[in-house]
Amino acid sequence: MCGIAGIFYPATPKPVDPARITAMADAQAHRGPDGSGVWTAPGVGLGHRRLSIIDLGGGAQPMASADGALTVTYNGEIYNFQAVRAELEAKGARFRTDSDTEVLLHGWAVWGPAMLDRLNGMFAFALHDSRVQSLFLARDRLGVKPLHYVTLADGAVAFASELKGLLAHPLVRRTPDIRAVEDYLALGYVPDDSCLVAGVQKLAAGHCLLIERGKPVPAPQQWWDLDFSRRASGSAAALGEELTALMRAGVRSRMVADVPLGAFLSGGVDSSAVVALMAEASKRAVKTCTIGFDSADHDERGYAGQIASLFATEHRERTVAADDFALIDTLVAAFDEPFADASALATYRVCELARETVTVALSGDGADEALAGYRRYRFQAAEERVRGLLPAAFRTPVFGALGRLYPKADWAPRPLRAKATLLGLADDGATAYARSVGVTTPALRARLFSDAARRALGGHVAETRYVETMRGAPARDALDRAQYADFKHWLPGDILTKIDRTSMAVSLEAREPLLDYKLVEFAATLPVALRIRAGEGKWIMKKAMEPYLPKDILYRPKMGFVTPISGWFRGPLAGEAAALATSRVLSGTGWFAMAEIERLAADHRAGRAEHGRTLWQLVMLERSMARLFG
């Protein structure tokens, strides 16, 4: 795992200062503390920070081909590199190292951009071809590894793994983008088609960009997509066996490393399944780690300990305070852009614990998206059945009126929280789902924004991307469309950003075996009834894991990392919330109705309303903007 950076001049080959590349790479030193390298030629410079995982002595970067024509800087791991290497050797390639990096050089020489189809891994890389004077940028299918880029005032295209790498270049203008603020307040993260720093772009998951000297910089091209339009045939038992085989292959391929390796273990289905399959494949005790909370309501250590005992893992635990908000500034620095998924606090702590004994850790991330584990998928499927029974001419006025009248009862037992359901039934499925994944509603955002902000937004509404993605999805069913949209937005923007930034902040490589693209492609073909059955998400995965895991692990209610932020803003962070109303950073933009922010904090503190998540968003936004824009 590494950090990369570079500069390329598409128009004319201007000189590149190696010190500038070094500064961009060193801003990401946490991603690669084991080594660094810089390579420059007329019109191009590539930089690298290395976290050594495979071929510790021979994988230094940037790496050039034997004839010097090709040079690559690369972040990630190609899990099937040995198979790809064998195919290339059969075509005459001669390798000088045992690293997966060299596969990219020989693969480009033989196949060009088509080599991407042969790669199974997580990656973001930049490859310079001096023969045609081009720079090729590529990102893995699911967006596990990040890549930011920007066109500078001098015509150069600069790129880096993290935003902080770009900001080390003096020509990157630090101007905030109001559309990214709208996106962030709606979703809780800044999605991959947006950036808080105006002009900066993120190469989307499954996309590549070929920049050729003397030609305009083109739009990125999609080289992979997930297809929900096909359906697998076969019995539930047969499909379950196939799923197990794919899970097993995903785990085993991610256990290849020349450094200590372990796993995160929460005691939930996904991490427990990964540990079970690791134990099956390993001759040694698997190293596992979990964190617990000093609040029994949020503590899963008992379940994690049960799995650790069952598979005789080398297990470590640590207790952290449920009010671990001292990490706020650490997270702001790690994420660059504002990030409001408060479970990042716990994720950082478990990465920190893992890094004490291992350099690589396998996680259970991705199964909920691939196999419909989230509760919202069940709600979406149920609501869609109602929409199918009732015409829109009835639903829209009746449920819309009821939804507007029904009180917003976040404090109430879940069956009484009907407002969102009623409003959802009034809308079409895509619009309703787009609203359901949000944090701060359009109505509340409208109150928080000033007239100047609304004018600057020019009609931009964050949820529109979800609606458009769902309506254009290669899918058969409402559940398909919801999962497809989450693969495009939620997974890369929230889940994978969270694990990448928190793990890399402590120089730990995290790997996600349940996001092996072959497994994900197979899961997309599964009949809906095998994903959700009798109100149980991930049904086929749970059935497939019954020979491995106890039923009280497989079928217990999903807990996840829960952070009590609502209580914080009525207690120890009440002052932080109140201070937002006088923030120079927020008021200085002219985008916020400061009196409304003051009212929001006061109503929450007094218990008149529930605004904990929005206040957390505003705190993280304020601190991120202070760090980025001064």
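The values are calculated or read from the model by the stated rules, or taken from the named source; none is laboratory data. Just so it is clear, the structure is predicted and the values come from calculations on it, not from any experiment. Every residue, glycine among them, receives a Cβ derived from its backbone with ideal geometry; neighbour counts consider all protein chains shown. Surface areas here come from the heavy atoms of the whole protein model, side chains and all, with no ligands, DNA or RNA. Shrake-Rupley method; radii C 1.70, N 1.55, O 1.52, S 1.80 Å.
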- Restricting to strands (runs of 3 or more DSSP E) lying wholly in the stretch 2-61: which have 3 or more residues that are among the small types (G, A, S) and under 12 Å from S161 (Cβ atoms)? 2-8
- Out of all the residues in the stretch 99-108, is one or more assigned to a loop (DSSP other than H, G, I, E, B) and either of a type in the set (A, V, I, L, M, F, W, C) or closer than 23 Å to S52 by Cα (or both)? yes
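Out of K543, K538, I need the residue that is open to solvent by 50 Å² or more (accessible area, probe 1.4 Å) and in contact (Cβ under 8 Å) with a residue 40 or more places away in the chain. Which one? So that I can check it myself, show each step before the final result.
Working: K538 fails: open to solvent by 50 Å² or more (accessible area, probe 1.4 Å).
Selected residue: K543, the only one of K543, K538 that is open to solvent by 50 Å² or more (accessible area, probe 1.4 Å) and in contact (Cβ under 8 Å) with a residue 40 or more places away in the chain.
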- Query: Among the numbered criteria (1) aliphatic (A, V, I, L, M); (2) at pLDDT below 95; (3) crowded, with 20+ Cβ neighbours inside 10 Å, which single criterion is violated by V562?
  - Reply: (3)
- Residues in the stretch 120-133: is at least one touching a helix residue (DSSP H, G or I) at 6+ places or on another chain (Cβ under 6 Å) and β-branched (V, I, T)? no
- Taking only the stretch 95-117 into account, find how many residues are open to solvent by 20 Å² or more (accessible area, probe 1.4 Å) and within 23 Å of the chain's Cα centre (by Cα). 1
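Looking only at residues in the stretch 537-594 that are part of a loop (DSSP other than H, G, I, E, B) and basic (K, R), which one is farthest from the chain's Cα centre (by Cα)? Before the answer, list the steps.
Looking only at the stretch 537-594, we keep the residues that are part of a loop (DSSP other than H, G, I, E, B), and these are 538, 545-550, 555-564, 569-573, 583, 590-591, 593.
Imposing the further condition that a residue be basic (K, R) reduces the set to 538, 556, 558, 570.
Working: K538: 20, R556: 26, K558: 20, R570: 30 Å.
Restricting to residues being part of a loop (DSSP other than H, G, I, E, B) and basic (K, R), the top hit is R570.
If you check A138, A90, which single one turns out to be open to solvent by less than 10 Å² (accessible area, probe 1.4 Å) and either in contact with a Cys (Cβ under 9 Å, 6 or more places away or on another chain) or on the phi < 0 side of the Ramachandran plot (or both)?
A138
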- Per the filter on the stretch 151-181, residues open to solvent by 10 Å² or more (accessible area, probe 1.4 Å) and within 19 Å of the chain's Cα centre (by Cα) are K164
- Message: For the stretch 479-494, give me the residue count where each residue is open to solvent by 10 Å² or more (accessible area, probe 1.4 Å) and in a helix (DSSP H, G or I).
- Response: 5
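Starting from residues that are among the hydroxyl-bearing types (S, T, Y) and farther than 12 Å from V181 by Cβ, keep the ones in the stretch 579-630 and report whichever is surrounded by the fewest Cβ atoms within 10 Å (Cβ to Cβ). Outline the logic, then answer.
In the first step, residues of the stretch 579-630 are kept if they are among the hydroxyl-bearing types (S, T, Y); the result is 582-583, 587, 589, 614, 624.
Then keep just the ones that are farther than 12 Å from V181 by Cβ; that gives 582-583, 587, 614.
On the way: T582: 11, S583: 20, S587: 15, T614: 25.
Ranking the candidates gives T582 first.
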- Within the set of pairs 6+ apart or on separate chains, which have a first residue in the stretch 448-467 that is part of a helix (DSSP H, G or I), a second that is among the acidic types (D, E) and open to solvent by less than 20 Å² (accessible area, probe 1.4 Å), and C-beta atoms under 7 Å apart? L457/E182
- Item | Filter result for E576 (on the phi < 0 side of the Ramachandran plot and surrounded by fewer than 16 Cβ atoms within 10 Å (Cβ to Cβ)) | no
- Cβ pairs under 7 Å, 6+ apart or interchain, first in the stretch 562-591 and closer than 15 Å to I328 by Cβ and touching a residue at least 40 places away in the same chain (Cβ under 8 Å), second open to solvent by less than 40 Å² (accessible area, probe 1.4 Å) and aromatic (F, W, Y), ordered by first then second residue, are I565/W616; A577/F569
- Task: Could you list all residues from the stretch 224-246 that are within 20 Å of the chain's Cα centre (by Cα) and open to solvent by less than 40 Å² (accessible area, probe 1.4 Å)?
- Result: W224, L226
- Just one of T464, T469, T497 is open to solvent by 10 Å² or more (accessible area, probe 1.4 Å), among the polar types (S, T, N, Q) and out of contact with any Phe, Trp or Tyr (no Cβ under 9 Å at 6 or more places or on another chain); which is it? T464
